[in-house]
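Chemist: What follows is a single structure, and I will ask about it in a moment.
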Amino acid sequence: MPRVVVDVMPKPEILDPQGKAVLGALPRLGFSGVTEVRQGKRFELEVAGEVTDEVLAEVHQMAETLLSNPVIENFTVRVEAAG
Amino acid sequence: MRVGVVTFPGSLDDVDAQRAVTIGGHQAVALWHGDHDLRGVDAVVLPGGFSYGDYLRCGAISRFAPVMTEVVAAAGRGLPVLGICNGFQILCESHLLPGALVRNDHQKFVCRDQLLRIENNRTAWTSAYDEGAEITIVLKNGEGGFVADTETLDRLEGEGQVVARYLDLNPNGSLRDIAGITNARGNVVGLMPHPEHAVEALTGAGTDGLGFFTGLAAAAFS
């Protein structure tokens, strides 16, 4: 079953308190060297049949209307090889 | 007036909102998220809570509830709509209001009696207040940080669409201390703090919130 992955990330100019909290926790756990953490969401969509351009266009529509809020988030769409 | 209060799965403050509507001198009409009509109400309140468990994003699923199709269409025709807390989030997700609400900058849920200034008393919901009135009502949210791009913020301020601003401190990182906004027409208002919890002396932070409900009739017929 082909899989389409949609990654949703907060826009760079939007404060990401969750990412900041993770960044703050890392040194407390002894991990050093990380200077920035941004937290987003990953959606894995199992698609029936072939991933055509039409299917991808539809996934873009899903990402725009439901999976992301374009006011505060960016998204990317990619096809993952069947595993 | 007949004021509809929508209950979504996970709404918390629908009964308080109905009570506030009644104390404000109106008839409260319970609306359900699955309704396909608004039962002829003269105004709608989208109450606070955690509709659909805040899954995906606060308000993101509620936006597509059948009743919201009706609310969006009616708001376009001028129906007064007040979204409180989760209701504000739903209004932003529905694009009835600009901007978005994100997690509080300090990460914690905040619950306090909050001092506000009413910046615009020309909306359907704020006509009972003097412009510049300072009121204290309850604030309780985890994702109440109002954000929008600079252009949108400038437009909101320039057009007088900021309805209320946080005064004593900014409790959630909202840009420019914005606690509530309205659309260009002034019939749709989103507010993060809860006026419906401040309508009776017995409970809450006094009765400063009552004006949101008593002012409705004057606004509708002006």
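The values are calculated or read from the model by the stated rules, or taken from the named source; none is laboratory data. This is a predicted model, so every value here is computed, not measured. Please note: Cβ atoms are built from the backbone with ideal geometry, for glycine as well, and neighbour counts cover all protein chains shown.
Chemist: Which ones in the range B:178-216 are surrounded by fewer than 19 Cβ atoms within 10 Å (Cβ to Cβ) and among the small types (Gly, Ala, Ser)?
Modeler: Result: B:ALA184, B:ALA201, B:GLY206.
Chemist: Let me ask you something else. Criterion first (in a helix (DSSP H, G or I), within 15 Å of the chain's Cα centre (by Cα), within 30 Å of B:GLY142 (Cα to Cα) and without any contact (Cβ under 8 Å) to a residue 40 or more places away in the chain) does A:GLN39 satisfy it?
Modeler: Working: in a helix (DSSP H, G or I): no; within 15 Å of the chain's Cα centre (by Cα): yes; within 30 Å of B:GLY142 (Cα to Cα): yes; without any contact (Cβ under 8 Å) to a residue 40 or more places away in the chain: yes.
Considered against the rule, which asks whether it is in a helix (DSSP H, G or I), within 15 Å of the chain's Cα centre (by Cα), within 30 Å of B:GLY142 (Cα to Cα) and without any contact (Cβ under 8 Å) to a residue 40 or more places away in the chain, A:GLN39 comes out as no.
Chemist: For the range A:25-37, which positions are farther than 18 Å from B:VAL102 by Cβ and within 14 Å of chain B (Cβ to nearest Cβ)?
Modeler: First, the residues of the range A:25-37 that are farther than 18 Å from B:VAL102 by Cβ: A:25-35.
A:ALA25 - this is the single residue of the range A:25-37 that is farther than 18 Å from B:VAL102 by Cβ and within 14 Å of chain B (Cβ to nearest Cβ).
Chemist: Give the residue that is modelled with the lowest pLDDT, with candidates limited to residues of the range A:1-18 that are more than 8 Å from chain B (Cβ to nearest Cβ) and part of a loop (DSSP other than H, G, I, E, B).
Modeler: A:MET1
Chemist: Output yes when any residue across the range A:49-59 is under 14 Å from the mean Cα position of the chain (by Cα), touching a residue at least 12 places away in the same chain (Cβ under 8 Å) and either in a strand (DSSP E or B) or under 29 Å from B:ASP149 (Cβ atoms) (or both), and no when none is.
Modeler: Keep residues of the range A:49-59 that are under 14 Å from the mean Cα position of the chain (by Cα), which gives A:59.
Narrowing the set further to residues that are touching a residue at least 12 places away in the same chain (Cβ under 8 Å) leaves A:59.
Next, only the ones that are either in a strand (DSSP E or B) or under 29 Å from B:ASP149 (Cβ atoms) (or both) stay: A:59.
Yes, some residue in the range A:49-59 is under 14 Å from the mean Cα position of the chain (by Cα), touching a residue at least 12 places away in the same chain (Cβ under 8 Å) and either in a strand (DSSP E or B) or under 29 Å from B:ASP149 (Cβ atoms) (or both).
Chemist: May I ask you to say which residue of A:VAL34, A:VAL6 is surrounded by fewer than 16 Cβ atoms within 10 Å (Cβ to Cβ), farther than 20 Å from B:ASP105 by Cα and in contact with a Leu (Cβ under 6 Å, 6 or more places away or on another chain)? Talk me through it step by step, then tell me what you get.
Modeler: Details: A:VAL6 fails: surrounded by fewer than 16 Cβ atoms within 10 Å (Cβ to Cβ).
When all the criteria are applied, what remains is A:VAL34.
Chemist: Now, a different point. Take the range B:199-215 and flag every residue that is in contact with a His (Cβ under 8 Å, 6 or more places away or on another chain), part of a loop (DSSP other than H, G, I, E, B) and either of a type in the set (Asp, Glu) or touching a residue at least 24 places away in the same chain (Cβ under 8 Å) (or both).
Modeler: Scanning the range B:199-215 gives B:GLY204, B:ALA205, B:GLY209.
Chemist: Show me the strands (runs of 3 or more DSSP E) found entirely inside the range B:1-113 where at least 2 residues are over 18 Å from B:ILE137 (Cα atoms) and in contact with a Leu (Cβ under 8 Å, 6 or more places away or on another chain).
Modeler: Output list reads B:2-7, B:43-46.
Chemist: I'd like to know if the range B:108-127 contains one or more residues that are surrounded by 24 or more Cβ atoms within 10 Å (Cβ to Cβ) and aromatic (Phe, Trp, Tyr).
Modeler: Scanning the range B:108-127 turns up at least one residue that is surrounded by 24 or more Cβ atoms within 10 Å (Cβ to Cβ) and aromatic (Phe, Trp, Tyr).
Chemist: Additional query: Only one of these is within 14 Å of another protein chain (Cβ to nearest Cβ) and either in contact (Cβ under 8 Å) with a residue 40 or more places away in the chain or farther than 26 Å from B:VAL21 by Cβ (or both): B:PRO98, B:PRO80. Name it. Can you show your working first?
Modeler: On the way: B:PRO80 fails: within 14 Å of another protein chain (Cβ to nearest Cβ).
Answer to the check: B:PRO98.
Chemist: Return the residue satisfying two criteria in turn: it lies in the range A:60-83 and is under 24 Å from B:ARG63 (Cβ atoms) and over 14 Å from the mean Cα position of the chain (by Cα), and of such residues it is surrounded by the most Cβ atoms within 10 Å (Cβ to Cβ). Outline the logic, then answer.
Modeler: First, pick out the residues of the range A:60-83 that are under 24 Å from B:ARG63 (Cβ atoms): A:60-77.
This time we only want the ones that are over 14 Å from the mean Cα position of the chain (by Cα), so: A:61, A:65, A:71.
Numbers: A:GLN61: 11, A:THR65: 13, A:VAL71: 19.
Across the range A:60-83, the extreme among qualifying residues is A:VAL71.
Chemist: Another one. Scan the range B:137-148 residue by residue and report those that are more than 14 Å from chain A (Cβ to nearest Cβ) and either under 11 Å from B:VAL110 (Cβ atoms) or surrounded by fewer than 20 Cβ atoms within 10 Å (Cβ to Cβ) (or both). Quick ask: steps written out before the conclusion?
Modeler: Quick first cut of the range B:137-148, residues more than 14 Å from chain A (Cβ to nearest Cβ) only: B:137-140.
B:VAL138, B:LEU139, B:LYS140 - these are the residues of the range B:137-148 that are more than 14 Å from chain A (Cβ to nearest Cβ) and either under 11 Å from B:VAL110 (Cβ atoms) or surrounded by fewer than 20 Cβ atoms within 10 Å (Cβ to Cβ) (or both).
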